[in-house]
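Scroll down for the structure; my scribbles are underneath it.
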Amino acid sequence: MSASLSRPRVGVWLIGARGSVATTVVTGCAAVTAGLHPPTGMVSETPAFTDSGLPALADLVFGGHDTLDCPLPKRAETLTAGGVLPPGVATAVAAELAAADREIRPGGPAPGDTRSEAELITAFADDIRDFVHRHELERAIVVNVASTEPASAGLGAPLPASTLYALAALRAGCPYVNFTPSEGMHHPVAAREAERSGLPYAGRDGKTGQTLLRAVLGPMFAQRALNVRAWSGTNLLGGGDGAALADPAAAAAKNAGKERVLADTLGTVPEGEVHIDDVPALGDWKTAWDHIAFDGFLGTRMILQTIWQGCDSALAAPLVLDLARLTARAHEAGLTGPLGDLGFYFKDPVGDGPSSLGEQYAALTGLGERLRRAGAGETARRAEGLGRAAARGAGQRVAGARDGGCAGRLTRRLRRGR
């Protein structure tokens, strides 16, 4: 995946740039680029996206906003100690982590910040523009991977931080991806601006674990005509997400997406709730348990239970890289507005699209084919333009040769005295 000096580079501006997910994204991108690890979990690296024109991992440049001041190399050390990152990888890519850390700017609003919402949006947008300008980037994609925030109180209330960042992305002319349940571009103020901007955007709330299973199992019950009576779940998690989701309002925002997947795939909302418990000792690891009560033939009552144990950062990072690359290519190809074909990655996707994972995957690979065809058209147009330029150059050379021939004959006549 070596980068050519002539290839344009693409910026990935991460909101929450010093968090676990962002640190894993930067570390993983550098490790895969260096050949230290395969791109496991990256759908964009599968054959379905060969020749779709996605930017190479080596051509991604990272920066972002955060209210934390823990440097990325130090954060990577912590994740290594917690078993999230493999031993030795953070050390091997220390230069890349340090380079990304130098591009992280203070976020907000922080406690005591007296700037108005308009001033914050302007400052954030200026940071992004400066990043693009200094690195001579072709474009930059803003991706929100910050901790979940409570839902806003609606119009008239202060804008949530995620929406301030979304508006800054639009002002800077950058496509936006919301990988969190936070409001972001869903806020009515940002939604109006997004429509006017003509920029592509995607989200929201990355589908990494429990809801990924629900998107598979829900259609299974519906297609087999099995009646789901109740579907309950529990999440045990630590780290920054566990602390953030200990807030009931933030947990409610998170659970709304989980419930929506069941409503969309089953056609109804069964009894049961999802409980989220903060267990700090788990760090960046989580356990998700589902208990599904359903009726079979002749009303026979049955139970399905699932247990998902994994690391959210390692599950999310390859998806964030996929989304950054796909959104960048969609922007290059002239796509605008909500990218519904990226619903495969989200609990609550924007735009129109199916709900079951299989159908969402088909829509995603269809997008890959559209981008491939767009690339072929761009190549043909460039070739046609080069052909016209060559023809013009040849015509000028012929005319020049004729002029030169006339001038030569005139010179010879003058020498002969004619």
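Bear in mind these aren't lab numbers, they're just calculated from the coordinates by the rules spelled out. In this text the structure is predicted, and so the values were computed from the model without any measurement. Neighbour counts run over all protein chains shown; Cβ positions are idealised from the backbone, glycine included.
Spatial offset of segment 58-134 relative to segment 168-189 amounts to 18 Å, using the alpha carbon center of each. Estimated purely from DSSP H runs of n ≥ 4, each contributing -39500 (n - 2.57), the mean residue ellipticity at 222 nm for the chain is -15500 deg cm²/dmol once divided by its residues. Of the labelled figures (i) 1.08; (ii) 1.01; (iii) 1.20, only one reflects Cα Rg over 2.2 N^0.38 Å as derived from the coordinates, namely (iii).
What percent do you get for the relative contact order of segment 233-297 when only Cα pairs under 8 Å and 6+ apart count?
Details: 78 pairs, mean separation 39.3, N = 65.
Rounded, it is 60 percent for segment 233-297.
Just to be sure I understand: if I project the alpha-carbon convex hull of segment 87-216 onto a plane and average over all orientations, what area do I get in nm²? Intermediate results must be reported in sequence, preceding the final value.
Numbers: hull surface 43.7 nm².
Mean projected area for segment 87-216: 10.9 nm², to one decimal.
What per residue convex hull volume, in Å³, do the alpha-carbon atoms of segment 142-190 yield? Each residue corresponds to 64 Å³ of Cα convex hull volume.
Using Cα-Cα distances under 8 Å and only pairs 6 or more residues apart, what relative contact order does segment 1-145 have, in percent? Walk me through the intermediate numbers first.
On the way: 186 pairs, mean separation 59.8, N = 145.
Computed over segment 1-145, the figure is 41 percent.
DSSP assigns beta bridges within the chain; of those with both partners inside it, close to 45 percent run antiparallel. Relative contact order for the chain: 19 percent, from Cα pairs under 8 Å spaced at least 6 residues apart, divided by residue count.
The Rg/Rh ratio for segment 293-349, using Cα coordinates for both the radius of gyration and the Kirkwood hydrodynamic radius, is 1.25. With kT/(6 pi eta Rh) evaluated at 25 °C and eta = 0.890 mPa s, and Rh the Kirkwood radius from Cα pairs, segment 43-158 diffuses with a coefficient of 142 µm²/s according to Stokes-Einstein. Sorted from greatest to least, the principal axis extents spanned by the alpha carbons of segment 213-316 come out as 46, 24, 21 Å. By the rule of a C-alpha distance below 13 Å, with chain neighbours fewer than 8 residues away ignored, the aspartates and glutamates paired with Lys258 are Asp205, Glu273, Asp290, Asp348. Of all complete DSSP H helices in the chain, those with a Cα span along the helix axis of 27 Å or greater and a mean Kyte-Doolittle hydropathy of -0.5 or more are 312-332.
A simple spin-label model places the labels of Glu138 and Arg192 3.5 nm from each other, with each point 7 Å out along Cα-to-Cβ. Taken over the alpha carbons of segment 1-67 as equal point scatterers, the Debye sum produces base-10 log I(q)/I(0) values at 0.16, 0.21 Å⁻¹ of -0.60, -0.99.
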